[in-house]
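Structure record follows, encoded as structure tokens.
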Amino acid sequence: MFAFGALIWTEVRHRQPLVDFGLFSNRNFAVASGLAFLLMFDIMTLLLYYNLFAQSPGGLGMSAVAAGLSLMPLSVALFGFARAAPWLGITIGLRRMLIGGSLLIALSCAIAWASYQMEAMFAMMMLGLFVAGAGIAPLYASAPRVGLAMLPPTQAGKGSGILNSCGFLGGTVGVSCGGIVFKLAGFSGVLVLLGLSALAAAGLCLRLRTD
């Protein structure tokens, strides 16, 4: 935290900053940065703690290979819906698509959480992973473009670097917070954390300017 505070203090006072925090005055760029943070928060946390849950005796009890293969519904949905994202953006509007994607992630967490209460835990969990992929895909494919579209070409490089950094920061924070929650409340607690993050992303999408 001290290093992050020192970075901000230094960069906002520099004539030619390495990290131009002035870019965040652009609403769409600021929203895209927040989405990059929350999206990687969800992706990295889900992948890590799902695999731990899937391989644990109290979870799905799978081998490492089986746990990896069980992520196929997520991968299939990511591939299919990422390719459909441009068409969806044109058909229903970019903001609606991104809000819908965020809500799908929240829904996937609810489905996976509900699987704890049902006998068909594996089938419900696979459905939850597929819905998660369907929600992640349009966000991952479109959010960075939204952030960069409103920037001058001369600032595209800096903007891209900041967006990537926000994503890496979100993944780091997600894995760290997820570890605490996983220890205290198991994978069901992690799903609640991810659902709240997805709802926060949906709220951010409401701030997008698409006109």
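What follows is calculated from the coordinates using simple rules that are stated; it is not laboratory data. For clarity, every value in this text was computed on a predicted model and none was experimentally measured. Quick reminder, even Gly has a Cβ in these numbers, built from the backbone with ideal geometry, and neighbours come from all protein chains shown.
Within the shell of other residues whose beta carbon sits under 11 angstrom from the beta carbon of Val31, the net charge comes to +4, with Lys and Arg scored +1 and Asp and Glu -1. Compared with the dominant principal axis of the Cα atoms in the chain, helix 94-114 is inclined by about 30°.
When the chain is fully extended, how far beyond the present Cα-Cα distance does Leu206 get from Cys177, taking 0.36 nm per residue of separation? Provide the component values of the computation, followed by the final result.
Details: separation 29, 0.36 × 29 = 10.44 nm, distance 2.56 nm.
Gain on stretching Leu206 to Cys177: 7.9 nm.
Let me check against my output: what whole-number percent is the relative contact order of region 42-205, with C-alpha pairs under 8 Å and at least 6 apart?
Working: 188 pairs, mean separation 56.7, N = 164.
The normalised contact order for region 42-205 reaches 35 percent.
Here the simple spin-label model places points 7 Å from the Cα toward Cβ, and for Val192 and Met72 these points are separated by 3.4 nm. Projecting the Cα atoms of Gly59, Ser160, Leu48 onto the charge dipole of the chain (Cβ charges, centred on the Cα centre) puts Ser160 farthest toward the positive pole. When each of the peptides 66-74, 198-206 is scored by the mean number of other C-beta atoms lying within 10 Å of its residues, the order from highest to lowest reads 198-206, 66-74.
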